[in-house]
Amino acid sequence: MNVARRPEELAPAARSVAIGTFDGVHLGHRRVVEAARATHLRPSVVTFDPHPRSVLGGEVELLTTTARRLELLEACGVEDVLLLAFDRRLAALTPEQFAEDVLRAAGAEVVAAGDAFRFGHRRSGDLDLLERLGFDVRRVPLVENVSSSRIRDLVHAAEISGAAALLGRPPEVEGTVVRGDGRGRDLGFPTANLELPADLLVPPDGVYAGAAFGHRAAVSIGTNPHFDGVERRVEAHVLDFDGDLYGQRLVVELWSRLRDQARFESVDDLVAAIADDVEQARASAAPVVVA
């Protein structure tokens, strides 16, 4: 998949463009991409980095990093992505300027978007305007109860299977593997300690079953209360894996929540609890989803 930052970086082509923020690339987003792909034109996406809400004064906890969003869009069959730097200059464009300077300049002939899509200064542009400007607009109805906001609420509540049902895949945490204190290895359960982007949504503290690198994993999220920890960490014990992950980007799927974080009477009790977590993770299955 080709990724460009400006329209002129794209090879000339007649394009069918799906447009949106696509945080999470959930089932509703996929419908928009499918609508763009259902043409004879080159399937492309126009999206934004950072999230527009973060620039316009609102906080947002992201479901996916930009790198992961691009991977998921590629898996949907997108051939080109125009990843626009969302800043005050872009936000100030009139809808007509955006349509000409971005969409028309990128070769868009068909534009697919959710029914409620708005763009341009003060979100004053809509799909009716794009039709008046001569674009072939494919309106995609919202999928009932599917939205990035709803998924965030479910993840915040540790409703992992519910979030997976709306995403069409398990929710994930992602970061770079960094050196920790080595305590997991000392206990017999080495972990990959993730340094996460500050704006990435992380589920509530607890122990989760999941997967990474095609292996099942037991994932700890929290401050490690048994050792009086204060720093919130995400640590994944990847089952049946022996390798050096330091410095690598790691995407960890979350399949189910196993238990709360806890303080134990002894280190032996802690080790026994971790061993039980590992066995539960080994026996776990990914959430059933409609892709």
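The values are calculated or read from the model by the stated rules, or taken from the named source; none is laboratory data. Since the structure is predicted, the reported quantities are computational estimates derived from the model, not experimental observations. Cβ placement follows ideal geometry from the backbone for every residue including glycine, while neighbour counts extend to all protein chains displayed.
The rows are residues; the columns are (1) of a type in the set (Val, Ile, Thr); (2) part of a loop (DSSP other than H, G, I, E, B); (3) surrounded by fewer than 20 Cβ atoms within 10 Å (Cβ to Cβ).
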residue: Glu59; (1), (2), (3): no, yes, yes
residue: Thr64; (1), (2), (3): yes, yes, no
residue: Arg69; (1), (2), (3): no, no, no
residue: Leu83; (1), (2), (3): no, no, yes
residue: Glu96; (1), (2), (3): no, no, yes
residue: Ala106; (1), (2), (3): no, yes, no
residue: Glu109; (1), (2), (3): no, no, yes
residue: Arg122; (1), (2), (3): no, no, yes
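Here's the yes/no breakdown for (1) among the hydrophobic types (A, V, I, L, M, F, W, C); (2) part of a helix (DSSP H, G or I):
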position	(1), (2)
Leu245	yes, no
Val252	yes, no
Trp255	yes, no
Arg263	no, no
Ile274	yes, yes
Val278	yes, yes
Ala291	yes, no
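Quick one: is Glu109 of a type in the set (Asp, Glu), modelled with pLDDT of 95 or more and closer than 30 Å to Gln248 by Cβ? Full working, then the answer.
On the way: of a type in the set (Asp, Glu): yes; modelled with pLDDT of 95 or more: yes; closer than 30 Å to Gln248 by Cβ: no.
The answer is no for Glu109.
Quick check: is even one residue across region 24-32 assigned to a loop (DSSP other than H, G, I, E, B) and more than 27 Å from Val251 (Cβ to Cβ)? There is no residue in region 24-32 that is assigned to a loop (DSSP other than H, G, I, E, B) and more than 27 Å from Val251 (Cβ to Cβ). Of all residues in region 127-140, those being in contact with a strand residue (DSSP E or B) (Cβ under 8 Å, 6 or more places away or on another chain) and in a loop (DSSP other than H, G, I, E, B) number 1. When Ala75, Ala91 are screened for being aliphatic (A, V, I, L, M) and in contact (Cβ under 8 Å) with a residue 24 or more places away in the chain, only Ala91 passes.
The rows are residues; the columns are (1) crowded, with 16+ Cβ neighbours inside 10 Å; (2) at pLDDT below 95; (3) not assigned by TED's automatic domain parsing to the domain that holds Ala108.
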position	(1), (2), (3)
Glu131	no, no, no
Asp136	no, no, no
Val140	yes, no, no
Val155	yes, no, yes
Gly184	yes, yes, yes
Gly188	no, yes, yes
Leu200	yes, no, yes
